[in-house]
Each structure stands twice: as C-alpha cells, then as structure tokens.
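Asker: Dropping the structure in here first, questions after.
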Amino acid sequence: MNKHDELSGTLVLLHPQLLTDPTEKKNQIGIIASAKIENDNVIVSFGNEGQALFSADALLVLKKPSSIHFDTMQDHLKMNAQDFKNLLRVGMLANSNLTKNHRQAIEISRDNPVVLAYSMASLEEELGLKQDYSLSR
C-alpha cells in the first residue's frame with residue numbers, strides 16, 4: 001500500500017510558469033491518478049487527454065481553506081477589492097466537499113496571479129517535502 005494513495009483524486013493545477021512542459025499541460029487542471037512521492041513521480045489524469053507524469057513541485061494544490069482565509073484577512077489592505085472578493089470566494093469553494101467547487105476555486109485562482117499566490121501552493125510544499133531535506137540527512 002502506497003502511503004500517498006490518499007492523494008489520488010486530488011485536483012491539481014499544472015504550474016503556470018512550468019519551464020519544461022513536454023506534455024503541453026501548463027496551466028491545466030488535472031486529477032492525481034497515483035503518486036510515488038519518494039521517487040517524486042506523480043501521475044496526473046486529464047480525462048480524455050490521457051495521463052502524464054510530473055514532479056510534486058510542478059503541481060499546485062489548493063491550500064487549506066483556513067490558511068487562505070487567514071492570509072487574505074491579514075493582507076486585505078495590500079490587495080484590490082476584486083482580488084479580495086475572489087479570495088473569499090475561493091476560500092469558500094475550497095471549504096466545500098464537492099469536487100466541482102474545488103475545480104471552480106482552482107479556475108478562479110488560475111486566472112489571477114494575486115489570487116493564485118494566496119490560494120495555491122506546490123504539492124511539494126503542502127506535503128512538507130521542501131524544508132525537511134536538511135533535517136533528514
């Protein structure tokens with residue numbers, strides 16, 4: 001049993017600034033089909049367009065709704081009203097149990113760099129893989 005099987009079914013956004021994109025899926029939404037994090041292999045399904053293999057840092061996932069809300073409230077004076085409204089909406093959608101709401105939250109985030117920065121993080125970051133390299137050796 002793969003310990004990262006719980007990632008299966010998670011909606012992801014392919015990083016909009018992906019440098020190498022042989023599959024041409026940059027900025028598209030997919031669903032994690034399977035993940036072998038120890039090898040940094042995440043297979044993402046794009047429905048009828050098939051599947052492709054990515055590393056965890058190429059994939060963005062929604063942050064926890066509480067984190068989106070907290071950061072939005074903390075920095076609301078730094079952003080314009082539309083970004084603030086969009087972030088509140090994304091936070092509400094992310095808090096839902098419905099996949100279609102999560103997809104809508106990602107779609108709103110994808111189209112706005114400010115909203116994206118507050119609402120999404122790399123899968124690598126969310127799994128805590130980034131900072132503990134130095135600790136584990």
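The values are calculated or read from the model by the stated rules, or taken from the named source; none is laboratory data. On a predicted model such as this, the values are computed, not experimentally measured, just so you know. Ideal geometry is used to build each Cβ from the backbone, glycine not excepted, and the neighbour counts take in all protein chains shown. Heads up: the accessible areas ignore ligands, DNA and RNA and are worked out on the full protein's heavy atoms, side chains in. Shrake-Rupley method; radii C 1.70, N 1.55, O 1.52, S 1.80 Å.
Asker: Inside the stretch 117-133, can you point out the residues that are open to solvent by less than 20 Å² (accessible area, probe 1.4 Å) and either modelled with pLDDT under 90 or among the aromatic types (Phe, Trp, Tyr) (or both)?
Answerer: GLY128
Asker: Name the helices (runs of 4 or more DSSP H) wholly within the stretch 1-114 that hold at least 1 residues that are farther than 18 Å from GLU126 by Cβ, at pLDDT 95 or above and in contact with a His (Cβ under 7 Å, 6 or more places away or on another chain)?
Answerer: In the stretch 1-114, 81-94 are the helices (runs of 4 or more DSSP H) which contain 1 or more residues that are farther than 18 Å from GLU126 by Cβ, at pLDDT 95 or above and in contact with a His (Cβ under 7 Å, 6 or more places away or on another chain).
Asker: Still on this structure, I have one more. Among the residues of the stretch 12-56, write down those that are touching a Ser or Thr at 6+ places or on another chain (Cβ under 8 Å), among the β-branched types (Val, Ile, Thr) and open to solvent by 50 Å² or more (accessible area, probe 1.4 Å).
Answerer: Those that are touching a Ser or Thr at 6+ places or on another chain (Cβ under 8 Å), among the β-branched types (Val, Ile, Thr) and open to solvent by 50 Å² or more (accessible area, probe 1.4 Å): ILE31, ILE43.
Asker: Does the stretch 87-116 hold any residues that are in contact with a Gly (Cβ under 9 Å, 6 or more places away or on another chain) and open to solvent by 80 Å² or more (accessible area, probe 1.4 Å), and which are they?
Answerer: Residues of the stretch 87-116 that are in contact with a Gly (Cβ under 9 Å, 6 or more places away or on another chain), as a first pass: 99, 105.
Within the stretch 87-116, THR99 is the sole residue that qualifies.
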